[in-house]
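Trainee: Before I ask anything, here is the structure I am working with.
Please treat every number below as a calculation from the coordinates, not as lab data. Everything numeric here is computed off the predicted structure, so don't read it as measured data. Note that each Cβ is placed from the backbone with ideal geometry, even for glycine, and that neighbours are counted across all protein chains shown.
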Amino acid sequence: MIDLWQPFVVLFATSLLVALVVTPLARRVAWWLGAVDHPDARRINRRPIPRMGGIAVFVALIASSLAHFVGTHTLGWPGLFATNPRNVTFINYPLLVVGFTLVFATGLLDDYLTLTPRQKLVGQFAGAIAAVSSGLVIDEIVNPFTNDLIVVGWVSYPITVLYLVAYTNIFNLIDGLDGLAAGIACIASVTMWIVSTMSGHLDAASFSLMLAGATLGFLRYNFNPASVFLGDCGSLLIGFSLGCISLMSVSRTSGLTAIIIPLVIAGIPIIDTFSAIVRRGRAHVSIGQADKGHIHHRLLSEGFNQRQTVLFIYAWTILLCVGSIVMTQVDVVPRILIFVALVVVSALFALRLHLFSPVLLHHYNPKTGSDELVAPQDPAFKEEAERFEEEHTHFPL
């Protein structure tokens, strides 16, 4: 195999150093624009913290991409971002960059102007459509038991768009504690680098290292006590990046395992998002209604501090990532057993933390004559919680 250590090290180091240098500048920009998270009932921070840290991640990715361009054309590096021999079509990388820019710009506008959920989705769908148009799509899936091809056809295009939008949002939802989203993204990126390198997808491996360096450099300022937050421009960009990497690391004709691996790697954000949907659905509140029932909220309520909570979730993520790497190296039956074991362990964690139990309930206020949402700290919550349990005794989740 060609020597990849020099380009890999340079790409990672460039992204890391640029993020370390640019993050303080991004923090100043956020203060100047007034893009600051002030303490409130829902937020964890107890002092004003500027957001827009995602600017540093975006600039770091650009800088490392330029380093790759220079290395390829002047130092004789292999074309890491070129036609992948395992893909049957060429990925249009300039068009893919357009997708990244659209998603980043959407998050940046939201950090500054506070967009509506619909406006944010428009920007995310535009970025995802650009990425899919660039060639990031899976046309056929190999049945692991029979080796027969399952042809997805044109349906693969809308499915892939939805996949990218979903991947983008799960990291946006998990971004609730100092260093949480950036740390999970760094661990996931390193894992995807390992998996992509072993499978020969050099473009995905290279981009994974770029993102790993960018998030690690940013984490220097974002780990507790954080002096800057990712903001939506960062969390959306990271989620979109990992979604694209996961598609770059598989070919247009892919085995089922290759498709499942990225989902295992991002298991924590997926569990958190899924439990939020179930939790809010059970309480008959809008799925978009924010609550304090996420994984990090539950761990904090168990007595963990911010650092302990983040480190616990890091450890959980590492467990899933190690399991995903092992899954790529074993036969079908052990692969299934490992997957089932990871699902069971994660499900037990989720149930232990009561992730599916509502934290917002409807309460009729006799003084105003209106239906209100009450949280655990509200006096009426206990009464409504008891009524809720009586009505849902057949639903143990």
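Trainee: Evaluate the distance, in nm, between pseudo-label points positioned 7 Å from the Cα of GLN329 and of VAL122 along their respective Cα→Cβ axes.
Mentor: So the two model labels end up 4.9 nm from each other.
Trainee: Once amide H atoms are built 1.01 Å from N in the peptide plane, which residues 5 or more positions from ASP37, or in another chain, come under 5 Å H to H?
Mentor: Residues meeting the criterion, in which the H sits 1.01 Å from N, are ILE49, ARG51.
Trainee: Let me ask something else about it. Roughly what percent of Cα-Cα pairs across the range 5-352 reach past 26 Å?
Mentor: Details: 28507 of 60378 pairs.
Of all Cα-Cα distances in the range 5-352, 47 percent exceed 26 Å.
Trainee: Whole-Hz ³J(HN,Hα) for each residue in the range 106-115, computed from phi via Karplus 6.51 cos²θ - 1.76 cosθ + 1.60 with θ = phi - 60°, x for glycine and proline: what do you get?
Mentor: Coupling constants for the range 106-115: 4, x, 5, 5, 5, 4, 8, 10, 6, 6 Hz.
Trainee: Highest mean first, how do 101-108, 54-61 rank when packing is the count of other Cβ atoms within 10 Å averaged over residues?
Mentor: Values: 101-108: 23.9, 54-61: 26.6.
In decreasing order of mean packing, 101-108, 54-61 become 54-61, 101-108.
Trainee: While we're here: Of the beta bridges DSSP finds with both residues in the range 5-352, what % are antiparallel, to the nearest 5? Each step should come with its number before you reach the end.
Mentor: Details: 5 of 8 bridges.
Of all bridge pairs located within the range 5-352, approximately 60 percent are antiparallel.
Trainee: Got a sec to turn the phi values of the range 263-274 into Karplus ³J(HN,Hα) couplings, 6.51 cos²θ - 1.76 cosθ + 1.60 with θ = phi - 60°, whole Hz, x for Gly and Pro?
Mentor: Once rounded to whole Hz, the list reads 6, 5, 4, 8, x, 5, x, 5, 4, 4, 5, 4.
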